[in-house]
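Take a look at the structure below.
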Amino acid sequence: MILFRKFRVLILMVFLVACTMHIMIDLLPKLEKRATGADGGDGGCQCAHRPGGESQGWAKQRARAPADAGWPNKHTLRILQDFSNEPSSNLTSHSLEKITAAGDKAESARRTGPAAAKAEDHKPLIGDASGARTAAVHGVSRLAALFEHPSYKVDLPPLTDEDTLFNVNTDIRFYPRSTGNQGWHNEDGNEEEEFSPTGEVTAESYPNWLRFHIGINRYELYSRHSLVLDALLKDLVTQKITSVAMKSGGTQLKLIMTFQNYGQALFKPMKQTREQETPPDFFYFSDFERHNAEIAAFHLDRILDFRRVPPVAGRLVNMTREIRDVTRDKKLWRTFFISPANNVCFYGECSYYCSTEHALCGKPDQIEGSLAAFLPDLNLAKRKTWRNPWRRSYHKRKKAEWEVDPDYCDEVKQTPPYDRGTRLLDVMDMTIFDFLMGNMDRHHYETFEKFGNDTFIIHLDNGRGFGKHSHDELSILVPLSQCCRVKKSTYVRLQLLAKEEYQLSSLMEESLLRDRLSPILIHPHLQAMDRRLRLVLQVLAGCIEKDGYVNVVEEDLAGDTSTHRSPGHR
């Protein structure tokens with residue numbers, strides 16, 4: 001009996017010692033961090049180390065308390081929301097009402113802050129062509145000349161409330177200070193007003209990503225000469241990253257990055273070098289997604305004057321400070337490691353290529369990637385997803401119906417929404433766009449639900465373009481050769497881009513030089529676009545010879561979205 005009591009006392013003592021140690025383990029990192037902040041004045045932040053030092057010492061840092069590595073303690077983890085698995089994880093998480101009440105920081109910093117002119121901002125973006133290196137002829141920018149051409153100066157019809165995605169009351173004034181939100185203060189800590197002298201924030205001074213959202217209408221994602229576009233591209237490259245999480249869904253790893261001004265972007269990290277081609281035995285659905293393809297697709301879409309790809313910019317990201325130390329996605333954080341070459345690596349979680357064998361490694365912790373600006377939250381602007389009629393089978397042996405039925409287009413033209421309006425013609429635009437890139441992976445597309453069927457197709461997810469420059473995948477052009485229909489505006493621009501004085505490859509080279517990661521495409525890819533453009537024009541020439549010009553080239557009416565004659569008309 002005495003032995004039993006002694007055993008109970010021993011068990012109790014062990015339990016008390018374990019509880020005490022548990023409490024000490026939780027409290028010591030906080031006390032140590034507070035003491036470090038008091039002594040050093042930097043709050044214990046270890047972010048100022050040089051990159052090499054970070055990668056070399058990170059394994060030791062990880063062995064210490066997680067709080068020291070920028071990861072919350074385990075009590076905090078219990079209440080964190082892992083939004084990587086939420087249905088809206090690829091959407092902007094702030095409502096329009098909350099954001100507009102917060103005021104503007106990025107725009108005012110651009111106007112008033114001399115610190116915005118950092119050394120890394122030496123390379124202009126899409127704006128003034130005269131400020132960047134160009135592939136100009138006789139000192140004249142080809143790109144500027146292109147956008148001055150009459151075919152690039154067609155005005156949109158007057159916009160009504162039904163034609164704009166958001167109806168903003170410009171008479172409303174917002175007072176950021178009254179919200180108590182400290183996220184809009186200057187980064188350098190001064191407390192001067194960041195808005196107009198009256199203390200009011202107007203619609204013109206909203207963050208650039210919000211101004212981009214407000215500018216979306218029935219006919220375009222952004223206007224031809226939008227100043228907001230240039231400012232937004234700069235934000236994608238320079239804004240401080242405050243949060244990172246994995247995007248749910250999809251076959252390959254993508255990250256959602258949130259910026260200090262509450263904007264969000266989709267980050268696709270570099271997986272292959274510019275020179276690596278897709279192996280000939282690879283199926284299109286198992287190929288890597290390329291960050292530079294996303295960047296180049298945005299520039300190509302703009303040169304074609306479609307303006308249906310959300311703004312994309314390349315950025316060199318510090319994997320330690322800008323991903324690992326700011327992420328609250330526990331699944332992502334756990335996949336970081338130090339490689340035998342002493343580089344910081346991670347692999348995340350996804351359907352394909354997310355393992356140590358396919359890890360993404362920095363040099364030592366710097367990695368390239370594309371950042372695509374988010375479209376508005378689905379709660380504010382719903383989008384409808386449509387199955388591409390010329391979708392591939394995504395099977396190693398089976399063929400899709402359009403691959404075996406030469407009259408497949410006749411069936412499509414009798415099926416809504418392709419039996420009226422410009423939807424079929426928009427699919428032809430998308431077909432030409434994909435062929436110039438060599439993209440075989442267009443299985444779905446989206447439109448804004450508010451505009452119904454009379455609106456443009458959003459060209460999302462272009463990462464599988466520019467995989468091969470030595471091969472032209474003619475099957476991508478099957479929709480065009482089967483239907484023999486094209487918008488007159490598209491046809492005119494294609495002919496223009498085939499001329500020596502404009503030449504698509506030269507325009508792309510000049511436009512891509514504005515990106516911070518240039519060169520984006522190697523020369524063989526640029527040459528391949530010229531070759532493919534000639535093939536597109538050859539297909540259209542054959543259609544015109546067979547069916548006649550008026551039955552192939554469709555007149556544009558009312559900004560490309562009015563009801564045209566039925567696409568089934570011959």
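I'd like to check something: does region 425-441 contain any residue that is farther than 27 Å from PHE166 by Cβ, under 18 Å from the mean Cα position of the chain (by Cα) and polar (S, T, N, Q)?
Within region 425-441, one or more residues are farther than 27 Å from PHE166 by Cβ, under 18 Å from the mean Cα position of the chain (by Cα) and polar (S, T, N, Q).
Spot the failing condition for PRO376; the list is (1) more than 25 Å from GLU554 (Cβ to Cβ); (2) open to solvent by 10 Å² or more (accessible area, probe 1.4 Å), and only one is missed.
(2)
State the number of residues belonging to region 334-380 that are aromatic (Phe, Trp, Tyr), over 30 Å from ILE458 (Cα atoms) and assigned to a loop (DSSP other than H, G, I, E, B).
In the first step, residues of region 334-380 are kept if they are aromatic (Phe, Trp, Tyr); the result is 336-337, 346-347, 352-353, 374.
Now narrow it down to the ones that are over 30 Å from ILE458 (Cα atoms): 336-337, 346.
Among the residues that remain, those that are also assigned to a loop (DSSP other than H, G, I, E, B) are: 336.
Total satisfying the criteria: 1.
Can you tell me how many residues in region 455-492 are over 25 Å from GLY250 (Cβ atoms), of a type in the set (D, E, K, R) and open to solvent by 40 Å² or more (accessible area, probe 1.4 Å)?
Qualifying residue count for the region: 1.
Cβ-Cβ distance below 9 Å, separation of 6 or more or different chains: which pairs start in region 290-301 with a residue that is surrounded by 24 or more Cβ atoms within 10 Å (Cβ to Cβ) and end on one that is at pLDDT below 95 and of a type in the set (Phe, Trp, Tyr)?
Going by the 9 Å Cβ cut-off, the qualifying pairs are ARG290/PHE466; ASN292/PHE466; ALA293/PHE466; ALA296/PHE466; ALA297/PHE466.
Just to be sure I understand the filter: pairs with C-beta atoms under 8 Å, separated by 6 or more residues or on different chains, first member in region 518-540 and of a type in the set (Asp, Glu), second member open to solvent by 20 Å² or more (accessible area, probe 1.4 Å). Which pairs pass?
ASP530/ALA498; ASP530/GLN503
Return the pair list, or none, for Cβ contacts closer than 8 Å from residues in region 386-401 that are closer than 17 Å to MET428 by Cβ and without any contact (Cβ under 8 Å) to a residue 60 or more places away in the chain to residues that are in a loop (DSSP other than H, G, I, E, B) and aliphatic (A, V, I, L, M), at least 6 apart or on different chains.
Going by the 8 Å Cβ cut-off, the qualifying pairs are ARG391/ALA400.
Which one of LYS450, LYS398 is of a type outside the set (Val, Ile, Thr), part of a loop (DSSP other than H, G, I, E, B) and open to solvent by 70 Å² or more (accessible area, probe 1.4 Å)? Spell out the reasoning first.
On the way: LYS450 fails: part of a loop (DSSP other than H, G, I, E, B).
Unique residue meeting the criteria: LYS398.
Tell me whether region 330-351 contains one or more residues that are of a type in the set (D, E, K, R), farther than 30 Å from THR447 by Cα, touching a residue at least 24 places away in the same chain (Cβ under 8 Å) and assigned by the TED database to the domain that holds ARG211. Even if it seems obvious, please write down each step before you answer.
To start, the set of residues in region 330-351 that are of a type in the set (D, E, K, R) comprises 330-331, 334, 349.
The next check asks that each one be farther than 30 Å from THR447 by Cα; those that pass are 330-331, 334.
With the extra rule that they be touching a residue at least 24 places away in the same chain (Cβ under 8 Å), the set shrinks to 330-331.
Adding the requirement that they be assigned by the TED database to the domain that holds ARG211 leaves 330-331.
Yes: one or more hits.
Hey, among the residues in region 379-395 that are out of contact with any Leu (no Cβ under 6 Å at 6 or more places or on another chain) and open to solvent by 50 Å² or more (accessible area, probe 1.4 Å), which one's nearest to LYS271 (Cα to Cα)? Please lay out each step first, then the result.
Keep residues of region 379-395 that are out of contact with any Leu (no Cβ under 6 Å at 6 or more places or on another chain), which gives 379, 382-395.
Imposing the further condition that a residue be open to solvent by 50 Å² or more (accessible area, probe 1.4 Å) reduces the set to 379, 382, 384-385, 387, 391, 394-395.
Numbers: ASN379: 33, LYS382: 32, LYS384: 30, THR385: 28, ARG387: 28, ARG391: 26, TYR394: 22, HIS395: 24 Å.
If we take residues in region 379-395 being out of contact with any Leu (no Cβ under 6 Å at 6 or more places or on another chain) and open to solvent by 50 Å² or more (accessible area, probe 1.4 Å), then TYR394 is nearest to LYS271 (Cα to Cα).
Just to be sure, is ALA359 closer than 18 Å to LYS247 by Cα, surrounded by 20 or more Cβ atoms within 10 Å (Cβ to Cβ) and hydrophobic (A, V, I, L, M, F, W, C)? Before the answer, list the steps.
Working: closer than 18 Å to LYS247 by Cα: yes; surrounded by 20 or more Cβ atoms within 10 Å (Cβ to Cβ): no; hydrophobic (A, V, I, L, M, F, W, C): yes.
Considered against the rule, which asks whether it is closer than 18 Å to LYS247 by Cα, surrounded by 20 or more Cβ atoms within 10 Å (Cβ to Cβ) and hydrophobic (A, V, I, L, M, F, W, C), ALA359 comes out as no.
How about region 465-485: which of its residues are modelled with pLDDT of 90 or more and among the basic types (Lys, Arg)? So that I can check it myself, show each step before the final result.
Step one: filter region 465-485 for residues modelled with pLDDT of 90 or more, giving 465-466, 472-485.
Hit for region 465-485 is ARG485, nothing else.
Name the pairs: first residue in region 477-503 and touching a residue at least 24 places away in the same chain (Cβ under 8 Å) and assigned to a helix (DSSP H, G or I), second residue open to solvent by 30 Å² or more (accessible area, probe 1.4 Å) and of a type in the set (D, E, K, R), Cβ to Cβ under 7 Å, at least 6 apart or on different chains?
Correct list of pairs: LYS488/GLU555; LYS488/ASP556; SER489/ASP556; SER489/ASP560.
Would you call VAL478 farther than 25 Å from SER370 by Cβ, in contact with a strand residue (DSSP E or B) (Cβ under 7 Å, 6 or more places away or on another chain) and hydrophobic (A, V, I, L, M, F, W, C)?
Working: farther than 25 Å from SER370 by Cβ: yes; in contact with a strand residue (DSSP E or B) (Cβ under 7 Å, 6 or more places away or on another chain): no; hydrophobic (A, V, I, L, M, F, W, C): yes.
Judged against the criteria, VAL478 is not a match.
Can you find a residue that is open to solvent by less than 40 Å² (accessible area, probe 1.4 Å), modelled with pLDDT under 85 and within 29 Å of ARG514 (Cβ to Cβ) anywhere in region 203-225?
yes
Among the listed residues THR251, THR238, THR242, which satisfies the condition of being surrounded by fewer than 21 Cβ atoms within 10 Å (Cβ to Cβ) and within 19 Å of ILE520 (Cβ to Cβ)? First the steps, then the outcome.
Details: THR251 fails: within 19 Å of ILE520 (Cβ to Cβ); THR242 fails: within 19 Å of ILE520 (Cβ to Cβ).
Only one candidate qualifies: THR238.
The values are calculated or read from the model by the stated rules, or taken from the named source; none is laboratory data. Treat the numbers as computed from the prediction; the structure is a model and nothing was measured. Here Cβ is always computed from backbone atoms with ideal geometry, including for glycine, and neighbour counts include all displayed protein chains. When the accessible area is computed, the model is the full protein with side chains, heavy atoms only, and any ligands, DNA or RNA have been set aside. Shrake-Rupley method; radii C 1.70, N 1.55, O 1.52, S 1.80 Å.
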